[in-house]
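Enquirer: I have a structure here, written as structure tokens, and I will follow up with some questions on it.
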Amino acid sequence: MGLGVCTSKTFLVFLSLLFLVAAAALAYVGINIIVTYKQYQSFLNNVYVMLPAIIILGTAVFMFIIGLVGCISAIQESCCGLGCFITLISIIFAAGVVTMVLGLVYKDKIDPELQKNMKILFEKYDGKNVESSAVDFIQEELQCCGIQNYTSWENTTWFLANHTVPVSCCKKNETDCQGKLDALNKINTEGCEKKLETVLNKVLGFSMLVILGFAVLELLALISLCVIQRRDAREGYQVL
């Protein structure tokens with residue numbers, strides 16, 4: 001086995017293993033986005049916000065297949081397998097670019113979506129219905145109160161009837177909190193809208209950075225593999 005073929009084979013095995021690791025990382029990112037969406041889906045009724053996550057998971061599966069194809073191609077020294085490897089990387093690179101574009105597009109749509117849905121849910125709050133459960137969950141989870149801040153409750157049906165904010169506005173360490181506004185030291189005063197926006201934008205922002213990193217890796221791999229294919233077709237890789 002020539003030095004060039006040996007070097008190329010080692011590179012392909014390393015690159016294939018890297019794609020297997022990348023597939024696991026992308027799967028984690030995609031699942032994390034879906035879990036976050038599921039937690040706050042009452043505030044994000046537009047299911048298309050999950051589209052980038054679905055593409056990420058699909059990309060993870062595809063990258064796993066690429067890793068396997070790369071390992072087999074390297075071990076068998078298959079020129080056809082190498083060509084298939086290059087084709088798959090090209091497809092996955094294009095999918096990554098599309099995912100980044102979709103992520104940027106839907107990131108701008110999150111804020112208006114939140115404002116509209118949060119207003120509807122907070123207005124329907126009565127402490128018993130499904131909408132109330134969603135509001136209580138977000139206020140307890142993010143330790144916030146109201147849409148903009150705790151004063152957002154003052155014009156709601158709940159406040160006019162009870163003259164208190166929901167108990168879910170209470171701080172976690174307060175055991176005797178009843179949601180009365182004359183005891184502001186016992187309730188969270190920050191609004192939920194900004195906090196939820198921050199959570200969702202962090203998740204999407206992290207996802208975009210991961211995808212960008214893998215896109216750069218895939219581009220470098222594509223260039224390297226094209227060079228290897230031209231060289232190894234002459235040095236020793238066989239058509240299998």
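Each reported figure results from applying straightforward, stated rules to the coordinates on display, with no laboratory input. The model shown is predicted, which means the values in this text are computed figures rather than measured ones. As a convention, Cβ positions derive from the backbone with ideal geometry for all residues, glycine included, and neighbour counts pool all protein chains shown.
Enquirer: Between LYS38 and VAL98, what is the label-point separation in nm under the 7 Å Cα-to-beta-carbon projection?
Expert: Distance between label points: 2.5 nm.
Enquirer: Separate question: Between ASN155 and ILE91, how many nm apart are label points set 7 Å from Cα along the C-beta direction?
Expert: So the two model labels end up 5.3 nm from each other.
Enquirer: Moving on to the next point. Can you list residues whose amide H is under 5 Å from LEU181's amide H, if they're 5+ apart or on another chain and H is modeled 1.01 Å from N?
Expert: Under 5 Å from the amide H of LEU181: VAL165.
Enquirer: Calculate, in nm to one decimal, what GLN115 and LEU18 gain on full extension: separation in residues at 0.36 nm each, minus their alpha carbon distance. Show your work: numbers first, answer last.
Expert: Details: separation 97, 0.36 × 97 = 34.92 nm, distance 4.14 nm.
Gain on extension, GLN115 to LEU18, equals 30.8 nm.
Enquirer: Lysines near LYS116 by alpha-carbon distance under 19 Å, same-chain residues fewer than 8 away left out - which ones?
Expert: Filter leaves LYS38, LYS107, LYS124, LYS194, LYS195.
Enquirer: Would you kindly derive the ³J(HN,Hα) couplings of the range 118-131 from the backbone phi angles with the Karplus curve 6.51 cos²θ - 1.76 cosθ + 1.60 (θ = phi - 60°), listing them in order in whole Hz, with x for Gly and Pro?
Expert: 5, 4, 5, 5, 5, 5, 8, 4, 9, x, 10, 7, 5, 4
Enquirer: Order the peptides 55-67, 177-189 from the highest to the lowest mean number of other Cβ atoms within 10 Å of their residues. Numbers along the way, then the final one.
Expert: Values: 55-67: 20.1, 177-189: 15.5.
My ranking of the peptides, most packed first, is 55-67, 177-189.
Enquirer: Let me ask something additional. Which net charge results when you count Lys and Arg as +1 and Asp and Glu as -1 among the other residues whose beta-carbon is under 9 Å from that of LYS186? Don't skip to the answer; put the middle values down first.
Expert: On the way: positive: LYS171, LYS180; negative: GLU174, ASP176.
Charge balance near LYS186 sits at 0.
Enquirer: So, one more: Quote the relative contact order of the range 94-209 in percent (integer), defining contacts as alpha-carbon pairs under 8 Å separated by 6+ residues. Could you put the intermediate results ahead of the total?
Expert: Working: 136 pairs, mean separation 31.0, N = 116.
Once divided by the residue count of the range 94-209, the mean separation gives 27 percent.
Enquirer: Based on the Cβ-Cβ distance from LEU68 to PHE206, what FRET efficiency comes out when R0 is 30 Å, to the nearest 0.05? Provide the component values of the computation, followed by the final result.
Expert: On the way: r = 27 Å, r/R0 = 0.91.
Working from the Cβ atoms, E equals 0.65.
Enquirer: Another question about this same structure. For ASN129 and THR198, compute 0.36 nm times the residue count separating them, minus their Cα-Cα distance, and round to one decimal in nm.
Expert: Values: separation 69, 0.36 × 69 = 24.84 nm, distance 2.68 nm.
Working it through step by step, the gained length comes to 22.2 nm.
Enquirer: Okay, moving on. Hey, can you rank 88-98, 195-205 by average C-beta count inside 10 Å, highest first?
Expert: Numbers: 88-98: 18.4, 195-205: 16.1.
Averaged packing, sorted descending, gives the order 88-98, 195-205.
Enquirer: Between LEU222 and ILE31, 0.36 nm times their residue separation minus their Cα-Cα distance comes to what?
Expert: Numbers: separation 191, 0.36 × 191 = 68.76 nm, distance 2.71 nm.
Roughly 66.1 nm would be gained on extension.
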